[in-house]
Amino acid sequence: MRQGADANVALLLPPFVPEPLPGAEQAWARTLRTLRQPAGGLSPGEGWRNDGVSWTPQTTLFAWVAAENGHEDVAAALLDWTAAHRTSSGAIPEKVTASGEPRSVAPLTWSAANVLLAADALDRRAGR
């Protein structure tokens, strides 16, 4: 497997640590750009399959971390993307193909939990 940027960089920022580790926010921003897929979500890592598939666990994890760290626009964009790529029953799938079609396991609890945590963080930052 190739190495490179990985979605786990998100774990180096709040809410997973009290304060961002040195350089973590810059690494997170670079990773966000690097992992972006054709349909708009994120892959698990740079060394992952080069198939254009977006994974909702990583996409929603980045939305939650963005919301917790004052990147409300990024969080909102990733949450909007997730909402736009739900299944016909409204569930969040595990994956979204390069052409934007939901695939694999649905509903995916991990992704749904990240969405709720991101929405809560956005509400708290807005004083609601």
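Kindly provide the set of residues from the stretch 48-81 that are β-branched (Val, Ile, Thr), within 9 Å of the chain's Cα centre (by Cα) and farther than 18 Å from Glu25 by Cα, ordered by number. Residue satisfying the conditions is Thr56 alone.
Considering the stretch 98-127, and only residues there that are exposed (fewer than 12 other Cβ atoms within 10 Å of the Cβ) and outside any helix (DSSP H, G or I), the residue that is farthest from the chain's Cα centre (by Cα) turns out to be Gly127. Helices (runs of 4 or more DSSP H) fully within the stretch 1-88 that include at least 2 residues being of a type in the set (D, E, K, R): 24-35, 72-84. Mind counting the residues in the stretch 61-94 that are touching a helix residue (DSSP H, G or I) at 6+ places or on another chain (Cβ under 7 Å) and more than 26 Å from Arg128 (Cβ to Cβ)? Of the residues in that region, 2 qualify. Checking every residue in the stretch 68-81 against the condition of being among the aromatic types (Phe, Trp, Tyr) and more than 14 Å from Thr97 (Cα to Cα) gives zero matches. In summary, Gly45 fulfils each of the numbered conditions (1) more than 12 Å from Leu78 (Cα to Cα); (2) modelled with pLDDT of 95 or more; (3) surrounded by 14 or more Cβ atoms within 10 Å (Cβ to Cβ) with the single exception of condition (2).
The values are calculated or read from the model by the stated rules, or taken from the named source; none is laboratory data. Quick caveat: nothing in here was measured; it's all calculated off a predicted structure. Note: ideal-geometry Cβ built from the backbone for every residue, glycine included; neighbour counts use all protein chains shown.
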